[in-house]
1. Working carefully through the options R245, R261, R229, R220, find the one that is touching an Asp or Glu at 6+ places or on another chain (Cβ under 8 Å) and of a type outside the set (F, W, Y).
2. If we scan segment 213-236, do we find a residue that is under 30 Å from I281 (Cβ atoms), part of a helix (DSSP H, G or I) and among the polar types (S, T, N, Q)?
3. Applying the selection to segment 183-210, what residues are more than 23 Å from the chain's Cα centre (by Cα) and surrounded by 18 or more Cβ atoms within 10 Å (Cβ to Cβ)?
4. For segment 133-146, enumerate the residues that are over 26 Å from the mean Cα position of the chain (by Cα) and either part of a helix (DSSP H, G or I) or loosely packed, with under 15 Cβ neighbours inside 10 Å (or both).
5. Got a number for residues in segment 147-171 being among the hydrophobic types (A, V, I, L, M, F, W, C) and over 10 Å from the mean Cα position of the chain (by Cα)?
6. Do the conditions hold for G310, that is, is it out of contact with any Asp or Glu (no Cβ under 6 Å at 6 or more places or on another chain), within 30 Å of L71 (Cβ to Cβ) and outside any loop (DSSP other than H, G, I, E, B)?
7. Take segment 97-119 and flag every residue that is farther than 22 Å from I172 by Cα and surrounded by fewer than 19 Cβ atoms within 10 Å (Cβ to Cβ).
8. Looking at V239, is it under 19 Å from the mean Cα position of the chain (by Cα), in a helix (DSSP H, G or I) and more than 30 Å from L322 (Cβ to Cβ)?
Amino acid sequence: MSTDDGSLDGLREHAGRPMRYLAREYAGDHVPTLIVGAVSTILSAALFSVPALVLGIALDALFVESRPFDLPLVPSGLIPTTTGGQFTLTIGVVTTCFGLAALSAYVRGWALNRVAQDVQHEVRTDTYETMQTQRLGFFDDHKTGEIMSVLNNDVNQLESFLSQDLQGGVRIVVSSLTIAAFTLWLHWQLALVTLLMVPALGYASYRFQQAIEPKYGEVRSSVGRMNARLENNIGGIKVIKAFGREGYETDRVEDASDDYRTANWSAITTRIKFFPALTVITAAGYGATFALGGYAYLFGGPFTLALSAGTLVTFLAYARRLMYPMQQFGQVLNNYQYAYAATERIVGLLREPDRVPNREAGVELESVEGAVEYDDVTFAYDSVEEPTIDDVSLSVALARQSDWSARPVPARPR
């Protein structure tokens with residue numbers, strides 16, 4: 001569990017599948033709110049997709065006059081017969097859809113952020129409760145800064161992912177499925193061209209995930225080591241000053257910071273290759289949609305299905321809507337891997353087996369009799385020749401404090 005430098009990297013061995021563990025342990029109490037968030041996400045994605053479809057139909061019917069004005073799922077008796085009335089209806093439908101989509105987006109944000117905040121609170125308090133039930137040896141083996149890094153930094157990283165990136169990922173997936181359904185319904189042959197970018201993006205994302213996961217694990221570990229070094233030095237600043245060790249401790253902090261910089265830069269170099277690759281893939285998909293769609297409209301081929309100007313404009317609008325979410329998906333995946341590395345240490349601590357046995361069966365002492373006495377006690381660590389405690393004698397009676405107290409002995413560089 002513990003490493004030689006007192007870090008908590010050994011906790012990853014107990015993590016298993018950390019995200020699945022969190023979902024199983026904490027999602028159950030929030031199912032109603034999650035359902036509200038899921039339904040509002042679907043409604044928002046569908047409503048945001050309707051205006052492009054309606055505008056394409058209006059372009060063909062009102063401006064190019066290549067087809068009658070009819071809207072899917074709207075009875076023909078409700079559609080005006082005049083051009084002005086149809087134009088007004090188009091404006092009304094587009095405006096109403098955007099307004100309802102904005103309202104659904106608000107509900108989605110409220111629901112999913114509410115769950116994220118509650119889960120963050122529950123995870124932090126459960127992690128702390130688990131931490132304080134460990135054996136005292138746990139705190140001897142691990143530095144305080146490392147433990148604080150898990151309770152604060154790692155939990156905050158998880159909360160950031162849950163409140164921002166998770167709902168962003170859900171929105172991207174739902175929007176992409178909705179757009180795929182609309183494009184396949186409009187013109188399935190051109191839709192296949194537009195959607196070819198999806199498997200390419202999936203492969204690029206898989207390669208990125210494989211490359212970045214170990215690097216983000218090292219970043220989280222280096223953050224913990226740096227926090228431990230800073231906490232140890234600030235807590236022992238009097239000892240550092242007393243022995244004139246400012247320069248030596250500055251070098252140690254510089255080394256810890258350099259380890260973090262090196263680990264983070266390694267992750268950055270991988271990340272900055274990934275995002276331009278997504279841009280190239282999505283731009284290629286958009287370009288192919290315009291090239292083949294435009295050729296089909298102008299020259300009648302290579303598709304067997306006819307393609308109108310309004311349908312082409314609708315496709316280009318949908319392809320443009322796919323570009324940004326797919327690029328944003330890279331950021332979601334990046335932050336997921338960062339949160340995954342943090343969650344490994346959280347779940348590893350929650351599953352930590354080194355607890356005090358039979359804790360709940362302990363006996364509460366009503367009274368204590370006796371005293372504590374040490375007679376000529378000497379103690380030294382195996383790696384240090386000079387004793388830490390040398391020939392100490394003391395006696396403490398019941399309900400009294402000793403005038404003698406142990407003081408920390410500063411570690412000397414060897």
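1. None of the others qualify; the one that does is R220.
2. no
3. Of everything in segment 183-210, those that are more than 23 Å from the chain's Cα centre (by Cα) and surrounded by 18 or more Cβ atoms within 10 Å (Cβ to Cβ) turn out to be T183, L186, H187, L190, A191, V193, T194, L195, M197.
4. Hits for segment 133-146 are T133, R135, L136, G137, F138, F139, D140, D141.
5. Final tally of qualifying residues: 6.
6. Considered against the rule, which asks whether it is out of contact with any Asp or Glu (no Cβ under 6 Å at 6 or more places or on another chain), within 30 Å of L71 (Cβ to Cβ) and outside any loop (DSSP other than H, G, I, E, B), G310 comes out as no.
7. If the condition is that a residue be farther than 22 Å from I172 by Cα and surrounded by fewer than 19 Cβ atoms within 10 Å (Cβ to Cβ), then D118 is the only one that fits.
8. no
The values are calculated or read from the model by the stated rules, or taken from the named source; none is laboratory data. Remember, predicted model here, so these are calculated numbers, not experimental data. No Cβ is skipped: glycine too gets one built from the backbone with ideal geometry, and neighbour counts run over all protein chains shown.
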